[in-house]
Amino acid sequence: MSNILNLLKALGAIIEGDHFVYTSGKHGVVYINKDALYPHTAKTSEVGKMFAEAVVDAEVDVDVVVGPALGGIILSQWTAYHLSQMLGKEVLSVYTEKDQNKSQIFTRNYDKIVAEKRVLVVEDIVTTAGSIIKTINAVKLAGGIVVGAGAMVNRNPSITDDYIGTRFFALATLPAEAWDEHEMPDWLKTRPVNTNFGHGKKYLQDKGLL
């Protein structure tokens, strides 16, 4: 098992055997609670260092690290911090935010920071890669040069460089099946939806069941 999975398991961040609703709206039985990681600054720093080491090992030069809100913000900060140490220059960290159309956009004049810069995009958990792709598009729209994208954990092995449209790496891969609501197996339909983690509570509220 990779160092990142050991780290997450030690923090109780990997939860298995329940019925979860993910950000994508899909349903599954494995949930990675990244919120269990972020209060631990030393551990989160370790994750940022893992990202930075992967970038340096690949001999990729980076000027700015961008993460989609919310979790990507924290990871982009620590990754940029460690890249600054390793590359011997200041690597900046900014983030994108969701707009009303659920796209990722730059606000706070951050688009000017990424313009004409070499940009690394980082995200915490990847299932459909939607947030990473939207963030990459925002970087390109701002005139930035995307040199790579990284995920803390990739839950979908079919996500590759070609799928993302740039060099893609994950600190760990933890495959887990996920189904759209109409495709859920019967055994999963019988399990109560977990309302403590993921989007289960909102899912039930939208259906008038909570």
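Quick look at the values:
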item: Centre separation in Å (Cα based) which lies between segment 86-145 and segment 1-60; result: 20
item: GluC sites (Glu not before Pro) restricted to segment 50-147 and DSSP loop, no more than 16 other C-beta within 10 Å; result: GLU59, GLU90, GLU116
item: Within segment 10-44, backbone nitrogen closer than 17 Å to the virtual label 7 Å beyond the Cα of TRP187 toward Cβ; result: 16-20, 27-31
item: Peptide ranges 82-88, 39-45 listed from the most packed, as the mean C-beta count within 10 angstrom indicates; result: 82-88, 39-45
item: Karplus-derived HN-Hα couplings along segment 169-177 (A = 6.51, B = -1.76, C = 1.60, θ = phi - 60°), whole Hz, x at Gly and Pro; result: 9, 10, 5, 7, 10, 10, x, 8, 5
item: Calculated from backbone phi, Karplus (6.51, -1.76, 1.60) coupling profile of segment 99-116 in Hz, x at Gly/Pro; result: 9, 5, 9, 6, 7, 9, 9, 8, 10, 6, 6, 5, 4, 5, 6, 8, 4, 6
item: Segment 159-210: GluC sites (Glu not before Pro) falling in loop per DSSP and having at most 15 other Cβ within 10 Å; result: GLU177
item: Eligible aspartates and glutamates near LYS26 by straight Cα distance, threshold 13 Å, same-chain separation 8 or greater; result: GLU177, ASP180, GLU181, GLU183
item: Linear extension gain, LEU204 paired with GLU53, 0.36 nm per residue minus alpha-carbon span; result: 50.2 nm
item: Within a Gaussian network of the chain (alpha carbon springs, distance under 10 Å), most fluctuating of LEU188, LEU120, LEU171; result: LEU188
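Read-outs throughout are calculated quantities, based only on the coordinates presented, and are distinct from any laboratory measurement. Bear in mind that the values here come from a model prediction, so they are computed numbers and not experimental data. All Cβ positions, glycine included, derive from the backbone under ideal geometry; neighbour counts span all protein chains shown.
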